[in-house]
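Colleague: Please read through the structure below; I'll follow up with questions.
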Amino acid sequence: MKPTIKSVVTLSALAATAIAPVLLSADMASAKPTGTDANYIGAGVSAGVANGGQDGDAATFGGNIQGRITTSKAPVSLRGAVLFSDDTSAIMPIVSYDVPVTNNANLYVGAGYSFVEKDGEPTPLGNNDAPVVTVGGEAQFGRNIVVYGDAKWGIDAYQNSPADALSFQGGAGYRF
């Protein structure tokens with residue numbers, strides 16, 4: 001029986017379909033990313049994009065100082081963030097769960113609390129003390145530089161308003 005091109009292609013496709021999952025799972029097991037275990041302190045910009053609906057509740061642009069302390073024993077980090085405006089600042093202790101995406105980068109999700117130094121004065125994350133949820137990413141470049149970016153959601157973060165606050169941060173840090 002003389003094989004036709006159609007039958008050769010069909011058999012090749014069938015063989016590739018049967019073998020591919022085995023090859024892919026072997027590659028995936030050996031290429032598990034390690035993420036970054038960098039402890040760092042950094043600074044950058046912060047932009048509030050929500051409005052509480054009252055006077056003095058407008059979205060605010062400012063800066064941030066953020067840091068991370070971690071351990072190689074667990075995928076959990078302690079983070080600190082200060083979001084500031086011309087008027088006041090919000091100080092946030094946060095605990096995060098870190099997920100490695102490459103050998104030098106993590107995605108993270110965390111929760112904490114925002115303490116506004118002067119209640120009623122605007123920060124990039126509202127003007128009232130509030131619970132905070134954060135989602136972000138960080139990547140290490142070279143030996144000592146870490147860049148980061150995240151979003152913070154302040155729940156009920158405005159005085160005299162049921163509105164939530166949302167801010168976006170970005171910056172660069174120094175690994176210690």
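Colleague: Of all residues in region 48-87 being surrounded by fewer than 18 Cβ atoms within 10 Å (Cβ to Cβ) and hydroxyl-bearing (Ser, Thr, Tyr), which is farthest from Pro124 (Cα to Cα)?
Modeller: Ser72
Colleague: Just need a number here: residues in region 129-162 that are more than 20 Å from Ile41 (Cβ to Cβ) and either of a type in the set (Lys, Arg) or assigned to a loop (DSSP other than H, G, I, E, B) (or both).
Modeller: Total meeting the criteria: 9.
Colleague: Restricting to strands (runs of 3 or more DSSP E) lying wholly in region 56-112: which have 1 or more residues that are within 12 Å of the chain's Cα centre (by Cα) and among the hydrophobic types (A, V, I, L, M, F, W, C)? Full working, then the answer.
Modeller: Working: elements: 61-70, 76-84, 89-102.
Because the criterion is at least 1 residues that are within 12 Å of the chain's Cα centre (by Cα) and among the hydrophobic types (A, V, I, L, M, F, W, C), the strands (runs of 3 or more DSSP E) in region 56-112 that meet it are 89-102.
Colleague: Still on this model: Considering only residues that are in contact (Cβ under 8 Å) with a residue 60 or more places away in the chain and either touching a strand residue (DSSP E or B) at 6+ places or on another chain (Cβ under 7 Å) or surrounded by fewer than 18 Cβ atoms within 10 Å (Cβ to Cβ) (or both), which ones fall in region 122-146? Steps first, please.
Modeller: Taking region 122-146 first, the residues in contact (Cβ under 8 Å) with a residue 60 or more places away in the chain are 122-127, 138-140, 146.
Residues satisfying the conditions are Thr123, Pro124, Leu125, Gly126, Asn127, Glu138, Ala139, Gln140, Val146.
Colleague: Which of the numbered conditions does Gly56 fail, given that it passes all the others? Conditions: (1) touching a Gly at 6+ places or on another chain (Cβ under 7 Å); (2) at pLDDT below 95; (3) on the phi < 0 side of the Ramachandran plot.
Modeller: Failed condition: (3).
Colleague: Of Asp164, Asp150, Asp129, which residue is charged (D, E, K, R), within 21 Å of Asp86 (Cβ to Cβ) and touching a Phe, Trp or Tyr at 6+ places or on another chain (Cβ under 9 Å)? Step through it out loud before you land on a result.
Modeller: Numbers: Asp164 fails: within 21 Å of Asp86 (Cβ to Cβ); Asp150 fails: within 21 Å of Asp86 (Cβ to Cβ).
Step by step, each of Asp164, Asp150, Asp129 is checked, and only Asp129 is charged (D, E, K, R), within 21 Å of Asp86 (Cβ to Cβ) and touching a Phe, Trp or Tyr at 6+ places or on another chain (Cβ under 9 Å).
Colleague: Given the criterion buried (at least 23 other Cβ atoms within 10 Å of the Cβ) and either touching a Ser or Thr at 6+ places or on another chain (Cβ under 6 Å) or polar (S, T, N, Q) (or both), identify the matching residue among Gly154, Gly173.
Modeller: Values: Gly173 fails: either touching a Ser or Thr at 6+ places or on another chain (Cβ under 6 Å) or polar (S, T, N, Q) (or both).
Being buried (at least 23 other Cβ atoms within 10 Å of the Cβ) and either touching a Ser or Thr at 6+ places or on another chain (Cβ under 6 Å) or polar (S, T, N, Q) (or both) holds for just one of Gly154, Gly173, which is Gly154.
Colleague: On the given criteria, is Tyr40 more than 22 Å from Ala163 (Cβ to Cβ), of a type in the set (Phe, Trp, Tyr), surrounded by 15 or more Cβ atoms within 10 Å (Cβ to Cβ) and modelled with pLDDT of 95 or more? Show your work before the answer.
Modeller: Working: more than 22 Å from Ala163 (Cβ to Cβ): yes; of a type in the set (Phe, Trp, Tyr): yes; surrounded by 15 or more Cβ atoms within 10 Å (Cβ to Cβ): yes; modelled with pLDDT of 95 or more: yes.
Judged against the criteria, Tyr40 is a match.
Colleague: In this structure, does Glu138 turn out to be at pLDDT 95 or above and closer than 27 Å to Asp86 by Cβ?
Modeller: Numbers: at pLDDT 95 or above: yes; closer than 27 Å to Asp86 by Cβ: no.
No; evaluated as a whole, the condition is false for this residue.
The values are calculated or read from the model by the stated rules, or taken from the named source; none is laboratory data. Worth saying up front: this structure is predicted, and the values here are computed from it rather than measured. So basically every Cβ, Gly included, is an ideal-geometry build from the backbone, and we count neighbours across all protein chains shown.
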